[in-house]
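Beneath this line is the structure, given in structure tokens, with notes to follow.
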Amino acid sequence: MPAAEYRPLLMRANRLLGSALIEHNLVKFEDLEAANERLLEVAASGQVRQSSVLSILVYEKKVLREEDVLHHVVDDHGVGVVDLRGYDVPEDVRKELDLDACWATWSVPFDREEDFHFVATAYYLSPAVRTHWEKKLGGQIIWQATTMDIIADFLDRMTGERAAENKAAGRSSGTRAPFPLAGSGPGSAPPLAPADGSSPPLSTPGGGVPLHFPVSSANKPATTH
């Protein structure tokens with residue numbers, strides 16, 4: 001499906017995430033208002049991949065740390081943490097990934113066991129995101145928190161793999177990066193890095209989830225809530 005069809009989902013996901021950030025006292029109302037205005041500007045310019053209120057608050061406005069959001073999700077909602085860079089996603093799950101929906105919700109279904117689906121997300125606090133995947137996947141979802149740069153890195157790799165598979169099969173790719181960013185692609189730097197070139201606030205020296213979190217990178221998440 002064209003990425004444009006996911007615009008309503010993307011905007012709703014961001015709107016409800018913003019409301020949750022206010023509700024949990026993670027940002028001030030005036031800061032969220034400014035971020036929402038910026039979000040509309042970015043979305044109107046067609047930069048759908050960068051249309052993230054969380055990214056704007058963290059990297060542009062610098063009024064929120066993604067680490068604080070992750071701590072809140074882990075401590076107050078009992079959600080575990082997963083680092084997709086070290087996770088062996090089953091082939092059948094990889095093939096069924098709807099990349100447009102993943103970008104719109106900053107979430108990735110990464111495993112399945114019978115009626116249980118494992119979903120990594122940077123947008124857990126958005127009810128619109130949780131509702132979308134509950135309806136789409138059916139069964140029960142075990143949510144795992146992660147960061148925007150880890151989600152972006154994973155989806156870029158999936159896009160690259162599909163393009164390579166299509167090329168090898170002698171057909172044009174139908175899985176181009178739906179929300180393109182200049183210089184993005186497999187192996188590129190995380191798209192959400194600060195403009196000054198410093199590491200994202202949640203990064204270890206190599207990027208990603210900080211070492212003090214109970215990260216699961218084996219074949220099953222360490223915690224299941």
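Here are the numbers for this structure:
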| read-out | value |
| --- | --- |
| Subset of segment 111-139 that is open to solvent by less than 20 Å² (accessible area, probe 1.4 Å), in contact with a His (Cβ under 9 Å, 6 or more places away or on another chain) and not in a loop (DSSP other than H, G, I, E, B) - its residue that is nearest to Val82 (Cα to Cα) | Asp111 |
| Odd one out for Val108, checked against (1) assigned to a strand (DSSP E or B); (2) over 21 Å from Arg7 (Cα atoms) | (2) |
| Answer from Val82, Val89 - the residue that is buried (at least 23 other Cβ atoms within 10 Å of the Cβ) and farther than 25 Å from Arg15 by Cβ | Val82 |
| Lone qualifier among Ile56, Ile142 - being touching a residue at least 12 places away in the same chain (Cβ under 8 Å) and either in contact with an Asp or Glu (Cβ under 9 Å, 6 or more places away or on another chain) or not in a helix (DSSP H, G or I) (or both) | Ile142 |
| Lone qualifier among Val81, Val74, Val69 - being closer than 14 Å to Leu26 by Cβ and touching a strand residue (DSSP E or B) at 6+ places or on another chain (Cβ under 8 Å) | Val74 |
| Matching residues in segment 2-32 - criterion: being without any contact (Cβ under 8 Å) to a residue 12 or more places away in the chain, over 24 Å from Cys102 (Cβ atoms) and in a helix (DSSP H, G or I) | Ile22, Glu23, Phe29, Glu30 |
| Failed item, numbered, when Val63 is tested on (1) part of a loop (DSSP other than H, G, I, E, B); (2) open to solvent by 10 Å² or more (accessible area, probe 1.4 Å); (3) out of contact with any helix residue (DSSP H, G or I) (no Cβ under 7 Å at 6 or more places or on another chain) | (3) |
| Candidate set: segment 1-38, residues that are open to solvent by less than 100 Å² (accessible area, probe 1.4 Å) and among the charged types (D, E, K, R); chosen: the one nearest to Ser52 (Cα to Cα) | Arg38 |
| Residue, least open to solvent (accessible area, probe 1.4 Å), within segment 145-168, restricted to residues that are under 16 Å from the mean Cα position of the chain (by Cα) and free of Cβ contacts under 8 Å to residues at least 40 places away in the same chain | Asp156 |
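The values are calculated or read from the model by the stated rules, or taken from the named source; none is laboratory data. All of these numbers come straight from a predicted model, not from anything done at the bench. Because the Cβ atoms are built from the backbone with ideal geometry, glycine has one as well, and the counts that use them run over all protein chains shown. Keep in mind that these areas ignore ligands, DNA and RNA; they rest on the heavy atoms of the full protein, side chains included. Shrake-Rupley method; radii C 1.70, N 1.55, O 1.52, S 1.80 Å.
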